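*Asks:* Quick one: the structure is below, questions incoming.
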Amino acid sequence: MSSTIHGHASDGSESPTYRSWHSMINRCTNKNAVDYHRYGGRGISVCKRWIDFTKFLEDMGVRPDGKTLDRFPDNEGNYSPDNCRWATFKQQTANRKCAHKLEAEGKTQTIGEWATEKGLPYIQLHRRLSKGWPVDRALNKPLEVRKPRQQGVKA
């Protein structure tokens, strides 16, 4: 495909959108790619339509600043228009299969999402859960504000 058609890979520089597309194709089809074993090697593929960059661009649009390509809602699924989005690092982290999710209050979220919602530092919530606190208590117990120690005055 000529770079003059889509304007995303000209004069030796590639747009972020083109780089995302190229990386997706590479990790799913190139057995020598560093991440092939995590994608193509596990059977994750790119839909036939998206082998053509212009079709990918039509479906996904230009990559917004601060976002990358994410398989969502099915992180184990293939790359296709119905299973991809431009996502922030935080969204992608929550979408990983290893993300620890908690069910409470009628919904399921990652520890990071719960921490943000409840106004707790992530590390504090993680520690509470690691100590065996019940999820409801870990999420809803207010943080204790400790007073600094008073140092004795030397005479």
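The values are calculated or read from the model by the stated rules, or taken from the named source; none is laboratory data. On a predicted model such as this, the values are computed, not experimentally measured, just so you know. FYI the Cβ positions are ideal-geometry reconstructions off the backbone, even for glycines, and counts take in every protein chain you see. Quick note on the areas: whole protein, heavy atoms, side chains included, nothing else; ligands and nucleic acids left out. Shrake-Rupley method; radii C 1.70, N 1.55, O 1.52, S 1.80 Å.
*Asks:* Would you mind checking Lys90/Lys147; Lys90/Lys131; Lys107/Lys141 for any pair whose Cα atoms are more than 27 angstrom apart?
*Replies:* Check vs 27 Å cut-off fails for Lys90/Lys147.
*Asks:* What FRET efficiency comes out for His22 versus Glu103 if R0 is 35 angstrom and r is the Cβ-Cβ distance? Round to the nearest 0.05.
*Replies:* Result of the calculation: an efficiency of 0.35.
*Asks:* Right, here's the next one. How large is Rg over Rh for region 14-143, taking Rg from the Cα atoms and Rh as the Kirkwood inverse mean of 1/r across Cα pairs?
*Replies:* Here Rg/Rh amounts to 1.09.
*Asks:* Among Tyr39, Tyr79, Tyr122, which one moves the most in a GNM of the chain with springs linking Cα atoms closer than 10 Å?
*Replies:* Per the Cα network of the chain with a 10 Å cutoff, Tyr122 tops the list.
*Asks:* Where Rh denotes the Kirkwood radius from the mean inverse Cα pair distance, what is Rg over Rh for region 73-155?
*Replies:* Rounded to two decimals, Rg/Rh equals 1.21.
*Asks:* Which one of Tyr18, Phe53, Ala33 is farthest out on the positive end of the charge dipole of region 8-63, using unit charges on Cβ (Lys, Arg +1; Asp, Glu -1) and the Cα centre as origin?
*Replies:* Ala33
*Asks:* Of the listed peptides 102-115, 124-137, what is their order by residue-averaged count of other C-beta atoms within 10 Å, with the highest listed first?
*Replies:* 102-115, 124-137
*Asks:* How many angstrom separate the Cα center of region 67-112 from the Cα center of region 117-132?
*Replies:* Cα centres, region 67-112 to region 117-132: 20 Å.
*Asks:* Could you give the size of the charge dipole of the chain about its Cα centre, using +1 on the Cβ of each K and R and -1 on the Cβ of each D and E, expressed in debye and rounded to the nearest 20?
*Replies:* The dipole magnitude comes to about 1100 debye.
*Asks:* Okay, next question. For the chain, what is the accessible area per residue in Å², given a 1.4 Å probe and the full set of protein chains?
*Replies:* Spelled out: the 1.4 Å probe surface of the chain, per residue, equals 69 Å².
*Asks:* Under 8 Å for C-alpha pairs, at least 6 residues apart: give me the relative contact order for the chain, rounded to a whole percent.
*Replies:* 11
*Asks:* Of the candidates Thr88, Thr17, Thr116, which one comes out as most mobile in a Gaussian network treatment of the chain with C-alpha springs shorter than 10 Å?
*Replies:* Residue with maximal mean-square fluctuation among Thr88, Thr17, Thr116: Thr116.
*Asks:* Sort the following peptides by mean Cβ neighbour count (other Cβ atoms within 10 Å, averaged over residues), highest first: 21-30, 138-147.
*Replies:* Most protected by this proxy first, the peptides run 21-30, 138-147.
*Asks:* Now a separate question. Over the chain, what percent of the accessible surface lies on carbon and sulfur atoms, probe 1.4 Å?
*Replies:* 50
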